[in-house]
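Contents: one structure, followed by commentary.
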Amino acid sequence: MRMAKYTVNEAAVTKCRELIKAKQYVLDSDWGDAQPNAEAENGFLKKHSWEEYGAWHLGLTEGANDETKARYAFVYGDLRRVHRTGLIACVYRASEWRHKKIELAAHELLQLLDSTAGIAD
């Protein structure tokens, strides 16, 4: 089985940074409940562009067609706000599957969120 390859979605990194700086984040959530499901994604796509949809995903799947859900991976928010648990999930999944650039981008965003929110060690 061939593993998918991803590039960092710089537009998503920028959007995530902007949301964090605007304090549009959730610090405590159950990511299993908060992450957008297919119905939420479809509803979002009815009102927003593929570009806006893609900005919620830190990874772009190499070889996948544009304007398809398969193109986007590593969602970090609920399509309204950044979720700390979403960033943690991105770090974990990217690390687990050895997608180092995605892992590092998510880790950097998690550190930004924590410092912005005043989460100290």
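What follows is calculated from the coordinates using simple rules that are stated; it is not laboratory data. All values reported here derive from a predicted model rather than from experimental measurement. No Cβ is skipped: glycine too gets one built from the backbone with ideal geometry, and neighbour counts run over all protein chains shown.
Reducing region 91-109 and region 1-68 to their Cα centroids gives an inter-centroid distance of 14 Å.
Comparing Ala12, Ala89, Ala38 in a Gaussian network model of the chain, where Cα atoms under 10 Å apart are tied by springs, the biggest mean-square fluctuation is seen for Ala38.
Can you list the lysines whose alpha carbon sits under 19 Å from that of Lys69, skipping same-chain ones fewer than 8 residues off? Within the straight-line cut-off, Lys69 pairs with Lys5, Lys15, Lys46, Lys47. Membrane-span-like helices in the chain (whole DSSP H runs, Cα extent of at least 24 Å along the helix axis, mean Kyte-Doolittle hydropathy of at least 0.0): 100-117.
Considering only Asp33, Asp78, Asp66, the Gaussian network model of the chain with Cα springs below 10 Å gives its largest mean-square fluctuation to Asp33.
Note on the chain: with a GNM built from Cα contacts shorter than 10 Å, the maximum mean-square fluctuation among Ala94, Ala22, Ala34 falls on Ala22. At q = 0.11, 0.15, 0.18, 0.20 Å⁻¹, what is the log10 ratio I(q)/I(0) for the chain, with the Debye formula run over Cα points and no solvent? With no solvent term, the Cα-only Debye profile gives -0.33, -0.63, -0.91, -1.12. Taking 19 Å as the cut-off, the amide N atoms of region 105-119 that come nearer than this to a point 7 Å along the Cα-to-beta-carbon line of Asp28 belong to 113-119.
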